[in-house]
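The values are calculated or read from the model by the stated rules, or taken from the named source; none is laboratory data. On a predicted model such as this, the values are computed, not experimentally measured, just so you know. Every residue, glycine among them, receives a Cβ derived from its backbone with ideal geometry; neighbour counts consider all protein chains shown.
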Amino acid sequence: MAETTVTVTEDTDEQQHGPDESQQPDDQHGPAGDEQNHDDSESGGDDDADPEGADQLGDPGKKALASMKAERNAAKKQAKELQKQLDQIRAEQERANKSPDEQAIDAAKAEARAEALEKANARILRSELKAAATGKLRDPSDALAFLDLSEFEVDDDGNVDADELADALDDLLTRKPHLAAQGGTASFDSARGKPKPRKKLSKADLEKMTPAEVTKAYREGRVDT
């Protein structure tokens, strides 16, 4: 009888005090830890962003950046040329296994494709170059007259390197500053001999420009607000 009483007493103590707190899962620290991990993951997401003030480089920094761009463009062109040579070797190997008639047909098709692609790329380059010259040259079509389109390339997706276009236009303005739409060389109205007012860029003009050109336009106060 005494043994039964002891058992009931132990059960009662457990009901009053509940299970041992040392065995309860430590849930109160879980959300905080998760939140901290989440914050840490977000804080490290901008490692690839450009450093602040990168667009305000001095002359040494600009020269170094221009040199890097030139090396990058040269490497890209070299890689494209090597790929083109590899494609030609593969095509020659395939032609060697075909009959003369099949080779003639393939050659005619390849010539037609190359001609069509050349015309399409020329249209893309003219359009992109005029758009890039808008706001930089008094007459954007001057870019077509003074720059060689063969110096630029259109990639397989129909895109043109905006940096190459911008660099070419800057070089053109250095050689022929009278073509500039604004800046150190003011353009004059030949009829009255008065400086022509600086052109303000509209929203439609901004839509044709690259993000870098838009930023520069805002800095120079050329945006019509």
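Give Ala145, Ala180 a once-over and let me know the one that is surrounded by fewer than 12 Cβ atoms within 10 Å (Cβ to Cβ), at pLDDT 90 or above and closer than 26 Å to Ala66 by Cα. Walk me through it before giving the result.
Values: Ala180 fails: surrounded by fewer than 12 Cβ atoms within 10 Å (Cβ to Cβ).
Just one listed residue meets the conditions, Ala145.
Does Gly158 fit the bill of being modelled with pLDDT under 75 and assigned to a loop (DSSP other than H, G, I, E, B)? No: the conditions fail for Gly158.
May I ask you to list the residues in segment 143-170 that are of a type outside the set (A, V, I, L, M, F, W, C) and within 21 Å of the chain's Cα centre (by Cα)? If the condition is that a residue be of a type outside the set (A, V, I, L, M, F, W, C) and within 21 Å of the chain's Cα centre (by Cα), then Glu151, Glu153, Asp155, Asp156, Asp157, Gly158, Asn159, Asp161, Asp163, Glu164, Asp167, Asp170 are the ones that fit. Would you confirm whether any residue within segment 78-100 is surrounded by 10 or more Cβ atoms within 10 Å (Cβ to Cβ), closer than 21 Å to Phe152 by Cα and of a type in the set (A, V, I, L, M)? Checked against the condition, which is being surrounded by 10 or more Cβ atoms within 10 Å (Cβ to Cβ), closer than 21 Å to Phe152 by Cα and of a type in the set (A, V, I, L, M), segment 78-100 yields at least one hit. For segment 122-155, give me the residue count where each residue is within 16 Å of Lys76 (Cβ to Cβ) and not in a helix (DSSP H, G or I). Total meeting the criteria: 4. Only residues that are free of Cβ contacts under 8 Å to residues at least 12 places away in the same chain, more than 19 Å from Ala212 (Cα to Cα) and not hydrophobic (A, V, I, L, M, F, W, C) were counted across segment 110-134, and they come to 6. Considering only residues in segment 204-225 that are of a type in the set (D, E, K, R) and modelled with pLDDT of 75 or more, the one that is nearest to Lys136 (Cα to Cα) turns out to be Glu213.
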